[in-house]
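The values are calculated or read from the model by the stated rules, or taken from the named source; none is laboratory data. Just so it is clear, the model here is predicted, and its values are computed rather than measured. Note: ideal-geometry Cβ built from the backbone for every residue, glycine included; neighbour counts use all protein chains shown.
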Amino acid sequence: MSENTSLVASDIEEYLKVHENKDMLRILTCGSVDDGKSTLIGRLLYDSKMIFEDQMAAIEKDSKRFNTTDESFDLALLVDGLQSEREQGITIDVAYRYFATEQRKFIIADTPGHEQYTRNMATGASTADLAIILIDARHGVQVQTRRHSFICSLLGIKHVIIAINKMDAVDYDQATYQQIKKDYREFAENLNFDDVRFVPLSALKGDNVVNESQNMTWYPGSTLMKLLNTVSVGKNEASAFRMQVQYVNRPNLDFRGFCGTISGGDIRVGDTIRTLPSGKESKVKSIVTFDGDLESASAGMAVTLTLDDEIDISRGNMLVRPHELPFSTRDFAADVVWMTEESLHVDREYEIKVGSQSVFGYVKTVNHKIDVNTLDKSAASQLDLNEIGNCHFTLNERVQFDAYETNRLTGAFIIIDRLSNVTVGAGMIAGSLEADGQKEDESHSAFEVEFNALVRKHFPHWGAKKVY
């Protein structure tokens with residue numbers, strides 16, 4: 001391994017402390033079919049001395065068996081673990097690999113390039129800080145390159161590295177690299193990327209992956225590994241405190257704690273919190289973790305909060321500060337990536353899961369769908385497999401959320417088919433469609449609202465629309 005082993009031998013506790021405090025970077029690899037995503041990850045780990053001897057032996061053995069390349073061993077087999085992936089030489093499911101260098105820790109997701117597995121690519125992109133978008137130097141920018149780039153932009157990834165791979169197949173031609181660079185910049189100028197970098201490389205031969213290429217001396221930039229070690233990715237953490245309750249811990253009469261992962265901001269003992277949707281308030285009595293009680297906790301930490309008052313809080317509720325309220329509404333607009341063969345139908349009832357909240361709702365209208373090649377918007381009445389569009393959702397009851405651009409955790413949701421229980425779509429909320437998303441609907445009496453909720457609860461087959 002490339003880690004400094006001297007500290008391991010002299011002071012293992014200090015080594016572990018240094019390792020624990022390293023910055024974590026989540027990476028996504030994506031692009032068109034057969035652009036070399038799995039091979040690139042294998043080369044990255046191999047040249048960095050991060051593959052163990054038993055893994056190398058297994059890869060060599062499997063390379064002879066499947067013979068997917070003419071090389072002595074196929075590095076793609078390190079992440080392509082499914083039988084069908086190895087037989088066909090493609091990636092089907094998302095594969096995650098963890099590794100670390102002297103500078104930082106990494107979690108890298110290898111995602112499929114085939115159009116029918118776009119949903120798997122979107123899954124990998126949902127948690128990534130940076131995307132490596134591969135382009136085959138022989139073919140240039142393809143439809144899947146554009147689709148994956150747009151999904152990365154839609155899912156809030158701000159930093160991308162365009163890895164122009166298989167430069168060995170075009171004799172390391174600088175003109176080819178420059179043309180692809182120009183084509184991609186023209187396409188991506190309207191995407192929401194803050195930082196776009198280009199690297200010409202050969203994952204198969206190892207050029208510009210970890211070691212500088214002797215075949216492309218005309219390239220003045222850094223290798224891929226150097227970029228990954230040095231790129232500054234500002235974490236877009238929301239300042240407003242958010243915690244969605246996942247479990248109520250009641251081991252005995254003297255303890256009631258509310259468990260969850262903080263999805264935004266921070267909290268301290270003594271702070272006033274409000275529970276939504278009830279609106280009840282209390283103060284934080286203690287912050288309990290496996291390692292002991294804390295005085296404060298911040299985004300990304302899994303904690304249990306105890307409160308001064310006995311108020312009713314259950315799974316699906318959101319804990320916030322009284323002066324930092326999220327949207328609370330039944331109607332919102334969202335960008336949707338549709339993930340199944342059966343089309344999205346307007347007025348069909350689906351289960352909508354926002355964080356730990358699960359409610360029923362339907363798409364009132366499809367505002368438009370987006371052409372991934374031109375980024376043009378066009379009218380639509382439904383969304384088909386792998387299509388992306390903006391929709392108006394109406395739910396049976398209010399949900400609490402933030403706009404996705406403000407908080408990726410509280411602004412995302414999935415769409416579940418009620419009959420098959422299959423996840424059919426993923427959405428990113430743009431904002432509330434009510435005049436004031438934080439006020440209750442005053443156009444109906446309290447009796448009407450309560451009656452409507454009871455009807456929906458006991459007669460769900462009547463659909464999501466109002467019955468009064």
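Numbers below:
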item: Tally of residues being assigned to a loop (DSSP other than H, G, I, E, B) and of a type in the set (Asp, Glu) across region 191-211; result: 1
item: Count of residues meeting criterion [in a loop (DSSP other than H, G, I, E, B), out of contact with any Leu (no Cβ under 9 Å at 6 or more places or on another chain), at pLDDT 90 or above and closer than 23 Å to Gly292 by Cβ] in region 212-264; result: 1
item: Residue satisfying all of: in region 300-332; outside any strand (DSSP E or B) and among the charged types (D, E, K, R); farthest from Asp271 (Cα to Cα) among these; result: Arg315
item: Residue match in region 155-178 (condition: β-branched (Val, Ile, Thr) and part of a helix (DSSP H, G or I)); result: yes
item: Pick from region 376-392, criterion within 19 Å of Asp331 (Cα to Cα) and among the polar types (S, T, N, Q), ranking: surrounded by the fewest Cβ atoms within 10 Å (Cβ to Cβ); result: Ser381
item: Leading residue by the ranking (surrounded by the fewest Cβ atoms within 10 Å (Cβ to Cβ)) among those in region 295-306 that are within 29 Å of the chain's Cα centre (by Cα), closer than 22 Å to Arg250 by Cα and of a type outside the set (S, T, N, Q); result: Ala302
item: Tally, over region 95-115, of residues that are out of contact with any strand residue (DSSP E or B) (no Cβ under 8 Å at 6 or more places or on another chain) and crowded, with 24+ Cβ neighbours inside 10 Å; result: 1
item: Candidate set from region 192-211 (those that are among the charged types (D, E, K, R) and either in contact with a helix residue (DSSP H, G or I) (Cβ under 9 Å, 6 or more places away or on another chain) or surrounded by 14 or more Cβ atoms within 10 Å (Cβ to Cβ) (or both)); member that is nearest to Asp129 (Cα to Cα); result: Arg197
item: Subset of region 265-285 [surrounded by 14 or more Cβ atoms within 10 Å (Cβ to Cβ) and either of a type in the set (Gly, Ala, Ser) or not assigned by TED's automatic domain parsing to the domain that holds Leu307 (or both)]; result: Gly265, Ser282
item: Condition check for Val288: at pLDDT 95 or above, surrounded by fewer than 20 Cβ atoms within 10 Å (Cβ to Cβ), aliphatic (A, V, I, L, M) and under 17 Å from Phe255 (Cβ atoms); result: yes
item: Failed item in (1) closer than 15 Å to Gln400 by Cα; (2) at pLDDT below 95; (3) surrounded by 20 or more Cβ atoms within 10 Å (Cβ to Cβ), with Leu319 passing the rest; result: (2)
item: In region 175-191, the residues that are surrounded by 14 or more Cβ atoms within 10 Å (Cβ to Cβ) and of a type outside the set (D, E, K, R); result: Thr176, Tyr177, Gln178, Gln179, Ile180, Tyr184, Phe187, Ala188, Leu191
item: Test for Asp34: is it at pLDDT 70 or above, acidic (Asp, Glu) and either buried (at least 16 other Cβ atoms within 10 Å of the Cβ) or not in a loop (DSSP other than H, G, I, E, B) (or both); result: yes
item: Residues (in contact (Cβ under 8 Å) with a residue 40 or more places away in the chain, farther than 19 Å from Ile41 by Cβ and of a type in the set (D, E, K, R)) located in region 205-259; result: Lys235, Glu237, Arg242, Arg256
